[in-house]
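This report concerns only the one structure given below.
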Amino acid sequence: MKKQISILGSTGSIGRQTLDVIRSFPDRFRVRALTGHKNAALLSEQVKAFNPELAVLTDPDSAQELSRLLAGCSTKILSGEEGLLEAAVYPGTDLLVTAVVGFAGLKPTLAAIDAGLDIALANKETLVAAGKIVTTRAAKKGVSIIPIDSEHSAIFQCLQGNNPRYLKRILLTASGGPFRRHTREELARVTPRQALQHPNWSMGAKITIDSASMMNKGLEVLEAHWLFDISLSSIDVLVHPQSIIHSLVEFTDGSVLGQLGPPDMRLPILYALSYPERLSNTLPKLDLIGRELSFFPPDKDRFPCLAYAYEAGEVGGTLPAVINAANEMAVAAFLGEKIGFLDIPGVIRKIMDLHQVIKEPDLDDIFSADLWARQSAERIIKGFMS
Ligand code: NAD
Ligand code: MG
């Protein structure tokens, strides 16, 4: 029996790599539904190659263009958030890959959980913004959330066969990004072009900027906190510039296990798709001969976003959703050359200080906090520009 896979965000970096993996295993996987935002040309190629039953572009004009490109094709085409939600719960799906970027992933992920679908989760912002609600609903429904993020996949793999009650500490590795050695003065001058050049990974624009600011690691600390039900004080970040060890776990007896591999997202994606099986494949294999692996502590003064994420996690309630929204807005403004690189933490700090935290938020509170943070960020960004 082929595993039936649907992908939210199939036109993005993780989505395209997921389809690459699926292409190599035509006997194991079949694609049911695909979604993108605006890229009609790419989604049309994906539909022709994988023949899903449903294809969605959230942008309505782009969805019309997709209908023109696919005239005569049997695939149903939808648009808007309704389309995305329909794809999230597409009947017959065994595993939903959530590879949409940002807070936009929350609603469809919750819809899929409520429909009882297992999730292969790339969209970390969902867990950052509403980790408690998402994990509680998943547990109630008996739904598995299998991480795609390489660090979390590593931790998930290290925990297999081990009782989680013996887990003492997670060591989340971080490449340190392209500006690991930059001074604050140098960081103040970096351009979007420079920030988009990640030393080890090729990814979508938002996560690449998050990696450069180390907000990505902050988001991942919160992601790990929810996925593995571990306190923030038991999650440490370890800068490891080679991105070979994808993360480590320490058990109560002091034993440390890690997962290693070349920096290639297709391996954690394949693991999430095939779990609990392991499939042999033609992906590049790790050769450790001649490799030096090094480790450093993170510098939370030069990269304050990491400290802000820990702080938001400790305070809890609506604050993680707020820093996530503020970060999405600040990153978009930086990419649009409206603010400088160090204004990203500047915007986030201001919004954290302004926010009136709701301690036990329901979903409506999370959506209101997200909207409030976006509107506040817009105002603050305008102030930074003038
Ligand atoms: P990307 O920008 O390359 O792709 C994002 C996808 O989401 C695209 O298909 C896009 O069309 C869609 N999208 C964008 N805005 C949308 C909206 N408002 N509504 C619906 N769909 C929308 O991003 P990516 O690098 O593939 O990252 C996707 C997610 O995976 C992010 O949460 C990221 O943090 C996480 N992740 C990515 C990597 C990586 O290597 N790229 C690694 C680990 C985790
Ligand atoms: Mg990661």
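The values are calculated or read from the model by the stated rules, or taken from the named source; none is laboratory data. Note that the coordinates shown come from a computational prediction; the quantities given were computed from them, not determined experimentally. Here the Cβ is made from the backbone with ideal geometry for all residues, glycine too, and neighbour counts use every protein chain on show. To get the accessible areas, we keep the full protein, side chains included, count just its heavy atoms, and leave off ligands, DNA and RNA. Shrake-Rupley method; radii C 1.70, N 1.55, O 1.52, S 1.80 Å.
A compact table of results
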{"item": "Calculated over region 85-237: convex hull of Cα atoms, volume per residue (Å³)", "result": "124 Å³"}
{"item": "In region 175-205, trypsin sites (Lys or Arg not before Pro) in a DSSP loop with at most 13 other beta-carbon atoms within 10 Å", "result": "Arg181, Arg189"}
{"item": "Distance in nm between pseudo-label sites at Leu279 and Phe295 (7 Å out along the Cβ direction from Cα)", "result": "3.3 nm"}
{"item": "Accessible-area value, Val143, 1.4 Å probe, nucleic acids and ligands omitted, Å²", "result": "20 Å²"}
{"item": "Region 316-386: radius of gyration and largest Cα-Cα distance (Dmax), Å", "result": "11.8, 37"}
{"item": "Separation of the Arg181 and Asp287 label points, Cα + 7 Å toward Cβ, nm", "result": "2.6 nm"}
{"item": "FRET efficiency estimate (nearest 0.05) - Cβ-Cβ, Arg189 to Glu81, R0 45 angstrom", "result": "0.70"}
{"item": "For the chain, the Rg and Dmax computed from alpha carbons only, in angstrom", "result": "20.2, 62"}
{"item": "Largest-first principal axis extents, alpha carbons of region 3-147, Å", "result": "43, 34, 25"}
{"item": "FRET efficiency, 1/(1 + (r/R0)^6) with R0 25 Å, evaluated for Lys141 and Ser234 via beta carbons", "result": "0.40"}
{"item": "Per residue convex hull volume, Cα atoms of region 92-175, in Å³", "result": "114 Å³"}
{"item": "Charge dipole of the chain about the Cα centre (unit charges at C-beta), most positive-ward option of Gly340, Gly102, Ala71", "result": "Ala71"}
{"item": "Heavy atoms of Lys359: accessible area, 1.4 Å probe, square angstrom to 10", "result": "130 Å²"}
{"item": "Mean-position separation - Cα centroids, region 36-94 and region 112-132, in angstrom", "result": "21 Å"}
{"item": "Accessible solvent surface per residue of region 34-129, calculated while the other protein chains remain in place, 1.4 angstrom probe, Å²", "result": "38 Å²"}
{"item": "Computed magnitude of the charge dipole of the chain (debye, nearest 20; Cβ of K, R +1, Cβ of D, E -1)", "result": "560 debye"}
{"item": "Accessible surface, 1.4 Å probe, highest first, among residues Cys158, Cys73", "result": "Cys73, Cys158"}
{"item": "Hits among lysines - C-alpha to C-alpha of Lys140 under 21 Å, sequence gap 8 or more where chains match", "result": "Lys107, Lys124, Lys132"}
{"item": "Most to least accessible of Phe228, Phe334 (protein chains only, probe 1.4 Å)", "result": "Phe228, Phe334"}
{"item": "Rotationally averaged projected area of region 137-225 (alpha carbon convex hull; nm²)", "result": "7.6 nm²"}
{"item": "DSSP H segments from the chain that extend 30 Å or more along their own axis, Cα-based, with Kyte-Doolittle mean of 1.0 or above", "result": "none"}
{"item": "Distance (nanometres) between label positions extended 7 Å along Cα→Cβ at Asn162 and Val315", "result": "3.3 nm"}
{"item": "Surrounding net charge for Asp94, when Lys and Arg each add one and Asp and Glu each subtract one, Cβ distance under 12 Å", "result": "+4"}
{"item": "Residue-averaged [θ]222 nm for the chain, counting only DSSP H segments that reach four residues, each worth -39500 (n - 2.57)", "result": "-14500 deg cm²/dmol"}
